[in-house]
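All remarks here apply to the structure that follows.
The values are calculated or read from the model by the stated rules, or taken from the named source; none is laboratory data. All of these numbers come straight from a predicted model, not from anything done at the bench. Neighbour counts run over all protein chains shown; Cβ positions are idealised from the backbone, glycine included.
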Amino acid sequence: MLIGELAKRTGTSERLLRYYERVELLRPERRPNGYRTYDETAPSAVLRIRALLAAGLPTRVIRQVLPCTDAEAAVRPCPGVLDALRAQLRTLDERSAEISAARDVLLQTITTAETAAAVAASRAPATGTP
């Protein structure tokens with residue numbers, strides 16, 4: 001299939017598919033006229049790539065993981081893959097902790113500001129017409 005059909009079947013832009021090729025996540029064949037042709041496994045590969053990207057994996061790790069996945073996206077044991085996945089999980093855990101700490105600071109700031117506004121409003125003289 002040509003790149004346009006793959007894009008349509010996966011909901012992925014042609015530009016993104018070319019990027020996947022550039023970072024060696026996809027390897028289409030080339031016709032003599034330069035057109036890319038993809039085999040019937042390409043749609044499932046693109047969907048796996050997108051799922052792995054959504055999980056936060058960088059393309060360098062995905063490049064390692066893809067050859068170790070089957071059509072159902074199950075990961076088979078391959079050298080170095082588990083280590084790469086564990087390292088990515090540690091990175092995500094660290095980022096999650098940082099985001100949680102930032103959220104706590106933001107929540108405390110909002111609570112403090114709301115309390116100060118309520119106190120100021122209660123101390124303001126009442127104005128209005130009877």
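Go through segment 11-26 and give me each residue that's surrounded by 12 or more Cβ atoms within 10 Å (Cβ to Cβ) and in a loop (DSSP other than H, G, I, E, B). Spell out how you get there, then give the answer.
Applying the first criterion (surrounded by 12 or more Cβ atoms within 10 Å (Cβ to Cβ)) to segment 11-26 yields 12, 14, 16-21, 23-26.
12, 23, 24, 25, 26, listed by residue number.
Which one is nearest to the chain's Cα centre (by Cα) among residues in segment 27-52 that are surrounded by 15 or more Cβ atoms within 10 Å (Cβ to Cβ) and of a type in the set (A, V, I, L, M)? Show your work before the answer.
Within segment 27-52, the first condition is being surrounded by 15 or more Cβ atoms within 10 Å (Cβ to Cβ), and the residues that meet it are 28, 36, 38, 42-50, 52.
Those left that are additionally of a type in the set (A, V, I, L, M): 42, 45-47, 49, 52.
On the way: 42: 20, 45: 16, 46: 14, 47: 13, 49: 10, 52: 7 Å.
Within segment 27-52, the match that is nearest to the chain's Cα centre (by Cα) is 52.
Working only within segment 81-119, note down all residues that are over 25 Å from the mean Cα position of the chain (by Cα) and of a type in the set (Ser, Thr, Tyr). Break it down into steps so the answer makes sense when it comes.
Here is the first cut: in segment 81-119, the residues over 25 Å from the mean Cα position of the chain (by Cα) are 105, 107-119.
109, 111, 112, 115 - these are the residues of segment 81-119 that are over 25 Å from the mean Cα position of the chain (by Cα) and of a type in the set (Ser, Thr, Tyr).
Of the residues 44, 100, 122, 96, only one is within 30 Å of residue 9 (Cα to Cα) and part of a helix (DSSP H, G or I); which? Step through it out loud before you land on a result.
Details: 100 fails: within 30 Å of residue 9 (Cα to Cα); 122 fails: within 30 Å of residue 9 (Cα to Cα); 96 fails: within 30 Å of residue 9 (Cα to Cα).
Selected residue: 44, the only one of 44, 100, 122, 96 that is within 30 Å of residue 9 (Cα to Cα) and part of a helix (DSSP H, G or I).
Considering each residue of segment 21-59, count those that are within 27 Å of residue 96 (Cβ to Cβ) and not basic (Lys, Arg), and give that number. Give the steps one after another, and end with the answer.
Taking segment 21-59 as the starting set, the residues that turn out to be within 27 Å of residue 96 (Cβ to Cβ) are 23, 25, 47-59.
Of the ones still in play, those that are also not basic (Lys, Arg) are 23, 25, 47, 49, 51-59.
Of the residues in that region, 13 qualify.
Just checking, does segment 40-59 include any residue being free of Cβ contacts under 8 Å to residues at least 24 places away in the same chain and among the acidic types (Asp, Glu)? Walk me through how you get there before you give the answer.
Narrowing segment 40-59 to residues free of Cβ contacts under 8 Å to residues at least 24 places away in the same chain: 45, 51-55.
Filter again for among the acidic types (Asp, Glu), leaving none.
There is no residue in segment 40-59 that is free of Cβ contacts under 8 Å to residues at least 24 places away in the same chain and among the acidic types (Asp, Glu).
Scan segment 92-130 residue by residue and report those that are modelled with pLDDT of 90 or more and β-branched (Val, Ile, Thr).
99, 105, 109, 110, 111, 112, 115, 119
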